[in-house]
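Asks: Next up is a structure, given as C-alpha coordinates.
The values are calculated or read from the model by the stated rules, or taken from the named source; none is laboratory data. Just so you know, these numbers come straight off a predicted model, no measurement behind them. Neighbour counts run over all protein chains shown; Cβ positions are idealised from the backbone, glycine included.
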(Lines give C-alpha, C1' and ligand atoms only; values in the text may rest on other atoms or scores of the structure.)
Protein backbone atom coordinates (compact mmCIF):
# COMPACT_ATOMS: atom_id res chain seq x y z
CA UNK A 1 0.00 0.00 0.00
CA UNK A 2 1.15 3.53 -0.79
CA UNK A 3 1.66 5.89 2.12
CA UNK A 4 1.66 9.59 1.35
CA UNK A 5 1.69 9.61 -2.43
CA UNK A 6 3.18 12.78 -3.94
CA UNK A 7 3.89 11.71 -7.52
CA UNK A 8 0.56 12.41 -9.20
CA UNK A 9 2.28 13.94 -12.23
CA UNK A 10 3.74 10.57 -13.24
CA UNK A 11 0.67 8.46 -12.47
CA UNK A 12 -2.73 9.20 -10.94
CA UNK A 13 -5.40 6.85 -9.59
CA UNK A 14 -8.53 6.45 -11.64
CA UNK A 15 -11.37 8.41 -10.06
CA UNK A 16 -13.92 5.87 -8.68
CA UNK A 17 -16.69 7.76 -10.48
CA UNK A 18 -14.79 7.39 -13.75
CA UNK A 19 -14.21 3.69 -13.17
CA UNK A 20 -17.89 3.14 -12.41
CA UNK A 21 -18.91 5.07 -15.53
CA UNK A 22 -16.53 3.23 -17.88
CA UNK A 23 -16.69 -0.27 -16.40
CA UNK A 24 -19.55 -1.36 -18.64
CA UNK A 25 -17.34 -0.91 -21.70
CA UNK A 26 -15.07 -3.69 -20.46
CA UNK A 27 -17.66 -6.44 -20.15
CA UNK A 28 -21.11 -5.41 -21.42
CA UNK A 29 -20.93 -2.68 -24.06
CA UNK A 30 -17.62 -3.74 -25.58
CA UNK A 31 -18.40 -3.34 -29.29
CA UNK A 32 -15.95 -2.15 -31.92
CA UNK A 33 -16.79 1.47 -32.88
CA UNK A 34 -16.07 0.62 -36.54
CA UNK A 35 -18.62 -2.20 -36.68
CA UNK A 36 -21.96 -1.42 -38.36
CA UNK A 37 -24.22 -3.60 -36.20
CA UNK A 38 -26.04 -2.33 -33.12
CA UNK A 39 -23.19 -3.13 -30.72
CA UNK A 40 -20.76 -1.24 -32.89
CA UNK A 41 -23.08 1.74 -33.27
CA UNK A 42 -23.51 1.92 -29.49
CA UNK A 43 -19.73 1.86 -29.10
CA UNK A 44 -19.41 4.62 -31.69
CA UNK A 45 -21.91 6.74 -29.78
CA UNK A 46 -19.92 6.27 -26.55
CA UNK A 47 -16.71 7.20 -28.34
CA UNK A 48 -18.21 10.38 -29.78
CA UNK A 49 -19.65 11.32 -26.39
CA UNK A 50 -16.14 11.07 -24.94
CA UNK A 51 -14.78 13.17 -27.80
CA UNK A 52 -17.33 15.91 -27.05
CA UNK A 53 -16.41 15.95 -23.35
CA UNK A 54 -12.70 16.33 -24.10
CA UNK A 55 -13.41 19.09 -26.62
CA UNK A 56 -15.47 20.98 -24.03
CA UNK A 57 -12.66 20.79 -21.45
CA UNK A 58 -10.25 22.68 -23.71
CA UNK A 59 -12.74 25.05 -25.37
CA UNK A 60 -12.37 23.44 -28.81
CA UNK A 61 -14.56 24.39 -31.77
CA UNK A 62 -16.20 20.98 -31.76
CA UNK A 63 -15.64 17.26 -31.13
CA UNK A 64 -14.34 16.74 -34.67
CA UNK A 65 -11.13 18.56 -33.65
CA UNK A 66 -10.17 15.78 -31.20
CA UNK A 67 -8.05 12.84 -32.39
CA UNK A 68 -7.75 10.05 -29.83
CA UNK A 69 -4.45 8.22 -29.31
CA UNK A 70 -3.11 5.73 -26.78
CA UNK A 71 -1.33 8.40 -24.76
CA UNK A 72 0.30 11.82 -24.72
CA UNK A 73 3.57 10.53 -26.21
CA UNK A 74 1.71 9.29 -29.28
CA UNK A 75 -0.20 12.56 -29.54
CA UNK A 76 3.03 14.55 -29.38
CA UNK A 77 4.59 12.40 -32.09
CA UNK A 78 1.53 12.80 -34.28
CA UNK A 79 1.59 16.56 -33.81
CA UNK A 80 5.32 17.02 -34.46
CA UNK A 81 5.85 14.50 -37.24
CA UNK A 82 2.42 14.88 -38.78
CA UNK A 83 2.56 18.65 -39.18
CA UNK A 84 6.24 18.89 -40.11
CA UNK A 85 6.07 16.22 -42.79
CA UNK A 86 2.72 17.39 -44.19
CA UNK A 87 3.96 20.98 -44.52
CA UNK A 88 7.64 20.42 -45.32
CA UNK A 89 7.31 22.29 -48.62
CA UNK A 90 6.64 25.49 -46.64
CA UNK A 91 9.76 25.21 -44.50
CA UNK A 92 11.94 22.80 -42.56
CA UNK A 93 12.80 24.73 -39.42
CA UNK A 94 11.55 23.53 -36.04
CA UNK A 95 11.56 25.41 -32.75
CA UNK A 96 10.99 23.97 -29.30
CA UNK A 97 11.55 25.35 -25.84
CA UNK A 98 14.63 23.95 -24.15
CA UNK A 99 12.46 22.39 -21.40
CA UNK A 100 10.02 20.46 -23.60
CA UNK A 101 9.14 16.88 -22.69
CA UNK A 102 11.33 14.27 -24.35
CA UNK A 103 8.31 13.02 -26.33
CA UNK A 104 8.43 16.41 -28.09
CA UNK A 105 12.19 16.86 -28.30
CA UNK A 106 13.03 13.35 -29.50
CA UNK A 107 10.67 13.40 -32.53
CA UNK A 108 12.11 16.80 -33.44
CA UNK A 109 15.65 15.45 -33.14
CA UNK A 110 14.71 12.48 -35.28
CA UNK A 111 13.30 14.79 -37.96
CA UNK A 112 16.75 16.40 -38.17
CA UNK A 113 17.97 13.14 -39.72
CA UNK A 114 15.53 13.79 -42.56
CA UNK A 115 16.76 17.28 -43.28
CA UNK A 116 14.86 19.43 -40.79
CA UNK A 117 16.63 22.07 -38.71
CA UNK A 118 15.99 22.24 -34.94
CA UNK A 119 16.68 25.15 -32.60
CA UNK A 120 15.84 25.34 -28.90
CA UNK A 121 14.42 28.50 -27.36
CA UNK A 122 16.10 29.39 -24.05
CA UNK A 123 14.27 29.89 -20.76
CA UNK A 124 15.12 32.02 -17.75
CA UNK A 125 16.10 30.77 -14.30
CA UNK A 126 12.44 30.16 -13.41
CA UNK A 127 11.81 28.18 -16.58
CA UNK A 128 9.85 30.85 -18.46
CA UNK A 129 10.39 30.99 -22.22
CA UNK A 130 12.46 33.97 -23.39
CA UNK A 131 9.93 35.74 -25.62
CA UNK A 132 12.51 38.09 -27.13
CA UNK A 133 14.70 35.15 -28.08
CA UNK A 134 11.71 33.32 -29.53
CA UNK A 135 10.77 36.30 -31.67
CA UNK A 136 14.30 36.56 -32.99
CA UNK A 137 14.44 32.86 -33.84
CA UNK A 138 11.17 32.74 -35.79
CA UNK A 139 11.43 32.93 -39.57
CA UNK A 140 9.18 32.25 -42.53
CA UNK A 141 10.72 28.77 -42.76
CA UNK A 142 9.80 27.86 -39.15
CA UNK A 143 7.12 25.31 -39.90
CA UNK A 144 6.41 24.41 -36.27
CA UNK A 145 7.03 25.85 -32.81
CA UNK A 146 6.33 23.75 -29.71
CA UNK A 147 6.03 25.29 -26.24
CA UNK A 148 4.48 23.34 -23.37
CA UNK A 149 1.69 24.89 -21.30
CA UNK A 150 3.33 23.95 -18.01
CA UNK A 151 6.39 21.93 -17.07
CA UNK A 152 5.94 18.74 -15.09
CA UNK A 153 9.38 18.91 -13.41
CA UNK A 154 9.42 22.51 -12.15
CA UNK A 155 5.73 23.45 -12.36
CA UNK A 156 6.27 26.68 -14.33
CA UNK A 157 3.31 27.88 -16.44
CA UNK A 158 4.25 29.47 -19.76
CA UNK A 159 2.80 32.70 -21.24
CA UNK A 160 1.10 30.77 -24.03
CA UNK A 161 -0.98 33.63 -25.39
CA UNK A 162 2.12 35.79 -25.82
CA UNK A 163 3.91 32.89 -27.48
CA UNK A 164 0.94 32.39 -29.79
CA UNK A 165 0.87 36.05 -30.76
CA UNK A 166 4.52 35.88 -31.80
CA UNK A 167 4.14 32.63 -33.74
CA UNK A 168 0.91 33.57 -35.48
CA UNK A 169 2.20 37.06 -36.16
CA UNK A 170 4.43 35.41 -38.75
CA UNK A 171 1.73 33.03 -39.99
CA UNK A 172 3.28 29.94 -38.41
CA UNK A 173 1.97 26.91 -36.47
CA UNK A 174 2.03 26.42 -32.69
CA UNK A 175 1.90 23.08 -30.86
CA UNK A 176 1.34 23.03 -27.09
CA UNK A 177 1.89 20.01 -24.88
CA UNK A 178 -0.71 20.63 -22.16
CA UNK A 179 -0.41 17.21 -20.50
CA UNK A 180 0.68 18.68 -17.16
CA UNK A 181 -1.80 21.58 -17.30
CA UNK A 182 -5.17 20.33 -18.54
CA UNK A 183 -7.61 19.77 -15.72
CA UNK A 184 -5.45 21.72 -13.28
CA UNK A 185 -5.65 25.21 -14.77
CA UNK A 186 -8.01 26.62 -17.44
CA UNK A 187 -6.90 25.83 -20.98
CA UNK A 188 -8.83 27.27 -23.95
CA UNK A 189 -7.38 26.49 -27.36
CA UNK A 190 -9.35 29.22 -29.10
CA UNK A 191 -8.59 32.02 -26.65
CA UNK A 192 -4.99 30.90 -26.30
CA UNK A 193 -4.49 30.68 -30.06
CA UNK A 194 -3.31 27.06 -30.25
CA UNK A 195 -3.11 25.02 -33.46
CA UNK A 196 -2.26 21.63 -31.95
CA UNK A 197 -2.63 20.60 -28.31
CA UNK A 198 -1.75 17.39 -26.49
CA UNK A 199 -3.51 16.06 -23.39
CA UNK A 200 -3.66 12.83 -21.41
CA UNK A 201 -6.37 10.81 -19.69
CA UNK A 202 -4.46 9.70 -16.60
CA UNK A 203 -3.47 13.25 -15.72
CA UNK A 204 -7.22 13.87 -15.31
CA UNK A 205 -7.75 10.77 -13.11
CA UNK A 206 -8.88 8.79 -16.12
CA UNK A 207 -7.55 5.40 -17.26
CA UNK A 208 -3.97 5.07 -18.42
CA UNK A 209 -3.32 4.36 -22.08
CA UNK A 210 -5.46 7.15 -23.55
CA UNK A 211 -4.51 10.53 -24.92
CA UNK A 212 -5.72 13.08 -27.43
CA UNK A 213 -4.48 15.62 -29.93
CA UNK A 214 -6.52 18.72 -30.68
CA UNK A 215 -6.16 19.81 -34.31
CA UNK A 216 -7.45 23.27 -35.15
CA UNK A 217 -9.87 23.34 -38.12
CA UNK A 218 -7.89 24.03 -41.28
CA UNK A 219 -4.57 22.75 -39.92
CA UNK A 220 -3.30 19.89 -42.07
CA UNK A 221 -1.25 17.01 -40.67
CA UNK A 222 -0.47 13.59 -42.08
CA UNK A 223 -0.69 10.19 -40.38
CA UNK A 224 2.36 8.60 -38.84
CA UNK A 225 0.61 5.29 -38.13
CA UNK A 226 -1.26 3.47 -40.89
CA UNK A 227 -4.01 0.87 -40.74
CA UNK A 228 -7.78 0.84 -40.87
CA UNK A 229 -8.26 4.60 -41.00
CA UNK A 230 -9.70 5.22 -37.53
CA UNK A 231 -9.54 8.72 -36.01
CA UNK A 232 -9.97 10.53 -39.33
CA UNK A 233 -7.21 8.36 -40.77
CA UNK A 234 -4.67 10.08 -38.53
CA UNK A 235 -4.27 7.37 -35.88
CA UNK A 236 -5.36 3.93 -37.01
CA UNK A 237 -6.19 1.05 -34.73
CA UNK A 238 -9.24 -0.18 -32.84
CA UNK A 239 -10.05 2.39 -30.18
CA UNK A 240 -9.70 1.46 -26.50
CA UNK A 241 -13.34 2.09 -25.68
CA UNK A 242 -13.03 1.61 -21.92
CA UNK A 243 -10.08 4.00 -21.60
CA UNK A 244 -11.53 6.61 -23.93
CA UNK A 245 -14.99 6.57 -22.35
CA UNK A 246 -13.26 7.00 -19.00
CA UNK A 247 -11.11 9.78 -20.48
CA UNK A 248 -14.25 11.64 -21.51
CA UNK A 249 -15.89 11.31 -18.12
CA UNK A 250 -12.67 12.39 -16.39
CA UNK A 251 -12.58 15.47 -18.62
CA UNK A 252 -16.19 16.30 -17.71
CA UNK A 253 -15.46 16.04 -13.98
CA UNK A 254 -12.26 18.06 -14.31
CA UNK A 255 -14.13 20.91 -15.97
CA UNK A 256 -16.70 20.94 -13.17
CA UNK A 257 -14.30 20.67 -10.25
CA UNK A 258 -11.11 22.35 -11.47
CA UNK A 259 -11.50 25.74 -9.80
CA UNK A 260 -12.26 24.39 -6.33
CA UNK A 261 -9.63 21.64 -6.51
CA UNK A 262 -6.95 24.03 -7.75
CA UNK A 263 -7.60 26.37 -4.83
CA UNK A 264 -7.41 23.47 -2.36
CA UNK A 265 -4.15 22.11 -3.79
CA UNK A 266 -2.56 25.55 -4.00
CA UNK A 267 -2.95 25.96 -0.26
CA UNK A 268 -1.29 22.60 0.45
CA UNK A 269 1.46 23.35 -2.08
CA UNK A 270 2.23 26.69 -0.45
CA UNK A 271 2.35 25.04 2.97
CA UNK A 272 4.84 22.45 1.76
CA UNK A 273 7.01 25.08 0.09
CA UNK A 274 7.08 27.21 3.24
CA UNK A 275 8.09 24.33 5.50
CA UNK A 276 10.63 22.65 3.22
CA UNK A 277 12.40 25.91 2.47
CA UNK A 278 13.25 26.08 6.18
CA UNK A 279 15.79 23.29 5.53
CA UNK A 280 19.34 24.58 5.11
CA UNK A 281 20.54 24.85 1.51
CA UNK A 282 17.15 24.00 0.02
CA UNK A 283 15.91 25.92 -3.00
CA UNK A 284 12.60 26.10 -4.84
CA UNK A 285 12.87 25.32 -8.56
CA UNK A 286 10.50 26.84 -11.09
CA UNK A 287 8.55 30.06 -10.93
CA UNK A 288 7.52 31.14 -7.41
CA UNK A 289 4.08 32.34 -8.56
CA UNK A 290 3.34 31.12 -12.11
CA UNK A 291 3.30 27.44 -11.18
CA UNK A 292 0.83 24.56 -11.24
CA UNK A 293 -1.52 24.41 -8.21
CA UNK A 294 -0.31 21.04 -6.95
CA UNK A 295 3.38 21.32 -7.79
CA UNK A 296 6.26 21.83 -5.35
CA UNK A 297 9.80 21.19 -6.60
CA UNK A 298 13.12 21.70 -4.86
CA UNK A 299 16.82 21.09 -5.06
CA UNK A 300 19.15 20.36 -2.17
CA UNK A 301 22.90 20.88 -2.10
CA UNK A 302 25.31 18.03 -1.45
CA UNK A 303 22.89 15.12 -1.88
CA UNK A 304 21.41 13.10 -4.76
CA UNK A 305 17.75 13.21 -5.71
CA UNK A 306 17.61 9.43 -6.16
CA UNK A 307 18.78 8.99 -2.58
CA UNK A 308 16.06 11.34 -1.32
CA UNK A 309 13.41 9.43 -3.28
CA UNK A 310 14.53 6.00 -2.09
CA UNK A 311 14.96 7.06 1.55
CA UNK A 312 11.56 8.76 1.76
CA UNK A 313 9.96 5.68 0.22
CA UNK A 314 11.75 3.06 2.33
CA UNK A 315 11.83 4.83 5.69
CA UNK A 316 8.72 7.02 5.66
CA UNK A 317 6.45 5.45 3.01
CA UNK A 318 6.30 8.77 1.13
CA UNK A 319 6.48 8.64 -2.67
CA UNK A 320 8.05 11.58 -4.54
CA UNK A 321 9.86 12.05 -7.85
CA UNK A 322 13.25 13.36 -8.83
CA UNK A 323 12.36 14.54 -12.35
CA UNK A 324 10.34 13.29 -15.29
CA UNK A 325 9.19 9.69 -14.84
CA UNK A 326 9.73 9.21 -18.59
CA UNK A 327 13.46 9.89 -18.34
CA UNK A 328 14.35 8.96 -14.75
CA UNK A 329 16.04 5.68 -15.75
CA UNK A 330 18.79 7.46 -17.67
CA UNK A 331 20.50 8.65 -14.45
CA UNK A 332 21.54 11.77 -16.38
CA UNK A 333 20.89 15.26 -15.02
CA UNK A 334 17.48 16.60 -16.02
CA UNK A 335 17.67 18.63 -19.23
CA UNK A 336 15.02 20.89 -17.69
CA UNK A 337 17.17 21.76 -14.67
CA UNK A 338 20.23 22.28 -16.84
CA UNK A 339 18.20 24.57 -19.10
CA UNK A 340 17.29 26.86 -16.19
CA UNK A 341 20.98 27.32 -15.45
CA UNK A 342 21.78 24.74 -12.79
CA UNK A 343 25.14 22.99 -12.75
CA UNK A 344 25.24 19.21 -13.11
CA UNK A 345 25.83 18.63 -9.42
CA UNK A 346 22.96 20.99 -8.54
CA UNK A 347 20.57 19.30 -10.98
CA UNK A 348 21.23 15.93 -9.37
CA UNK A 349 19.79 17.11 -6.05
CA UNK A 350 16.21 17.43 -7.29
CA UNK A 351 13.00 16.45 -5.49
CA UNK A 352 9.56 16.92 -7.07
CA UNK A 353 6.26 16.69 -5.18
CA UNK A 354 3.02 16.70 -7.14
CA UNK A 355 -0.28 16.71 -5.25
CA UNK A 356 -3.65 15.25 -6.06
CA UNK A 357 -7.07 14.13 -4.89
CA UNK A 358 -5.85 12.36 -1.77
CA UNK A 359 -3.44 15.07 -0.63
CA UNK A 360 -4.53 16.97 2.47
CA UNK A 361 -3.18 19.71 4.77
CA UNK A 362 -2.51 17.25 7.61
CA UNK A 363 0.27 15.75 5.49
CA UNK A 364 2.30 18.98 5.41
CA UNK A 365 4.09 18.67 8.77
CA UNK A 366 4.57 14.92 8.32
CA UNK A 367 6.18 15.34 4.91
CA UNK A 368 8.27 18.34 5.95
CA UNK A 369 9.65 16.49 8.96
CA UNK A 370 10.43 13.40 6.89
CA UNK A 371 12.23 15.46 4.25
CA UNK A 372 14.24 17.31 6.91
CA UNK A 373 15.34 14.06 8.54
CA UNK A 374 16.15 12.53 5.15
CA UNK A 375 18.28 15.49 4.07
CA UNK A 376 20.18 15.55 7.39
CA UNK A 377 20.81 11.80 7.24
CA UNK A 378 22.01 11.82 3.64
CA UNK A 379 24.27 14.82 4.13
CA UNK A 380 25.85 13.15 7.14
CA UNK A 381 26.95 10.19 5.02
CA UNK A 382 27.50 12.00 1.72
CA UNK A 383 30.93 12.19 0.12
CA UNK A 384 29.85 15.54 -1.35
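Asks: Go through the range 70-94 and give me each residue that's assigned to a loop (DSSP other than H, G, I, E, B), touching a residue at least 60 places away in the same chain (Cβ under 8 Å) and more than 14 Å from the chain's Cα centre (by Cα).
Replies: 70, 87
Asks: Still on this model: Please specify each residue of the range 271-293 satisfying the condition of being within 14 Å of residue 356 (Cα to Cα) and out of contact with any strand residue (DSSP E or B) (no Cβ under 6 Å at 6 or more places or on another chain).
Replies: Residue satisfying the conditions is 293 alone.
Every residue, every condition in (1) touching a helix residue (DSSP H, G or I) at 6+ places or on another chain (Cβ under 8 Å); (2) modelled with pLDDT under 95; (3) surrounded by 15 or more Cβ atoms within 10 Å (Cβ to Cβ); (4) within 21 Å of residue 162 (Cα to Cα), yes or no:
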| site | (1), (2), (3), (4) |
| --- | --- |
| 41 | no, yes, no, no |
| 53 | yes, no, yes, no |
| 65 | yes, no, yes, no |
| 72 | yes, no, yes, no |
| 78 | no, no, yes, no |
| 113 | no, yes, no, no |
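Asks: Filter the range 317-349 for residues that are part of a helix (DSSP H, G or I) and either modelled with pLDDT of 90 or more or out of contact with any helix residue (DSSP H, G or I) (no Cβ under 9 Å at 6 or more places or on another chain) (or both) and give the result.
Replies: Once the filter is applied, which keeps residues that are part of a helix (DSSP H, G or I) and either modelled with pLDDT of 90 or more or out of contact with any helix residue (DSSP H, G or I) (no Cβ under 9 Å at 6 or more places or on another chain) (or both), the range 317-349 yields 329, 330, 335, 336, 337, 338, 339, 345.
Asks: From (1) in contact with a strand residue (DSSP E or B) (Cβ under 8 Å, 6 or more places away or on another chain); (2) buried (at least 24 other Cβ atoms within 10 Å of the Cβ), pick out the condition that doesn't hold for residue 192.
Replies: (2)
Asks: If you don't mind, there's one more thing I want to ask. Could you list, in sequence order, all residues of the range 350-384 that are outside any helix (DSSP H, G or I), in contact with a helix residue (DSSP H, G or I) (Cβ under 7 Å, 6 or more places away or on another chain) and surrounded by 20 or more Cβ atoms within 10 Å (Cβ to Cβ)?
Replies: Hits for the range 350-384 are 350, 351, 353, 355, 359.
Asks: Further question on the same structure: What about residue 213, is it in contact with a strand residue (DSSP E or B) (Cβ under 7 Å, 6 or more places away or on another chain), at pLDDT below 95, assigned by TED's automatic domain parsing to the domain that holds residue 87 and closer than 28 Å to residue 91 by Cα?
Replies: For residue 213, the condition - in contact with a strand residue (DSSP E or B) (Cβ under 7 Å, 6 or more places away or on another chain), at pLDDT below 95, assigned by TED's automatic domain parsing to the domain that holds residue 87 and closer than 28 Å to residue 91 by Cα - is not met.
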